Amino acid sequence: MSRAADTVRADALAHQTGGRMAGEARRQQILRVAMRLFSQHGFRGTTTKEIAHEAGVSEAMVFRHFATKEELYNAILDHKACTGTFDPCNLLADAITRKDDRAVFAQLARALMQHHEQDTEFLRLLTHAALEEHQLAELFWDRVVRQMYDFLGGYIRERQRDGALRSVDPAIIIRAFLGMVIHHSLNNTLWDKQRRLLDISNERAAREFTDILLGGVTSAAAAPARTNGKTKRSAVAARTKKSTAKKNR
């Protein structure tokens, strides 16, 4: 988003509220500008002076709304939590209640990829944060990634107790799953925007990644149930073929 667009949005909000929300509108404008510049130039390559210039305010105004850079970084995460991220607990509640492993992982994969696709700026910003070993990366890890591991880990352990999933460290299963999803998003966002290497829909990618994951971690006892009848039909076909071969001898 351009500097002009940021200013127009802030001024429009202030006008709609009769000026009463001008302070909050300005704060949100500064926040959006900061996120855009951080995602483009990294944290080390962006100064508060540049943020102020792009936002059309003084540097003192930036610090009036964000007394420290740490406060600004926390505000970025808070802003994303309110406007752009999803709650996996609510998203997967029904699938988890039904203990539908395929739905749990496929729905989560699809939601993550859609979120990354719709907010490439934040994905780039987090990449900069990780590469620069920036504080924002640690904040995001503690507030988002660790919670994701705890949430999915709890479900996986329950399914392992049910005998549905193999006895594998849940963190390994989660790492394998998120690795596929996030690597796919990073390819589409950073390295292969034209999707020359792999051009598939998020729906198909979520389905295929889920098949790969469950193909590796579903227990032998539960394997026939996870394919919605495909495994059973294959077994029947194999027995029929074997029986026909005997008759033709």
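The values are calculated or read from the model by the stated rules, or taken from the named source; none is laboratory data. This is a predicted model, so every value here is computed, not measured. As a convention, Cβ positions derive from the backbone with ideal geometry for all residues, glycine included, and neighbour counts pool all protein chains shown.
Per the conditions (1) part of a helix (DSSP H, G or I); (2) out of contact with any Leu (no Cβ under 8 Å at 6 or more places or on another chain); (3) modelled with pLDDT under 80, the sole criterion not satisfied by residue 1 is (1).
When we screen 171, 137 for residues that are assigned to a helix (DSSP H, G or I), more than 28 Å from residue 42 (Cβ to Cβ) and outside the structural domain of residue 34 (by TED's automatic domain parsing), the only hit is 171.
Residues in the stretch 152-159 include at least one that is farther than 15 Å from residue 39 by Cα, in a helix (DSSP H, G or I) and under 16 Å from the mean Cα position of the chain (by Cα). Taking the stretch 159-197 as the range and being of a type in the set (Gly, Ala, Ser) and either at negative phi or in contact with a strand residue (DSSP E or B) (Cβ under 9 Å, 6 or more places away or on another chain) (or both) as the test, the residues that pass are 164, 167, 171, 176, 179, 185.
Tell me, yes or no, whether the stretch 89-105 has at least one residue that is among the polar types (S, T, N, Q), surrounded by 14 or more Cβ atoms within 10 Å (Cβ to Cβ) and either at pLDDT 95 or above or within 13 Å of the chain's Cα centre (by Cα) (or both). No, the stretch 89-105 has no match at all.
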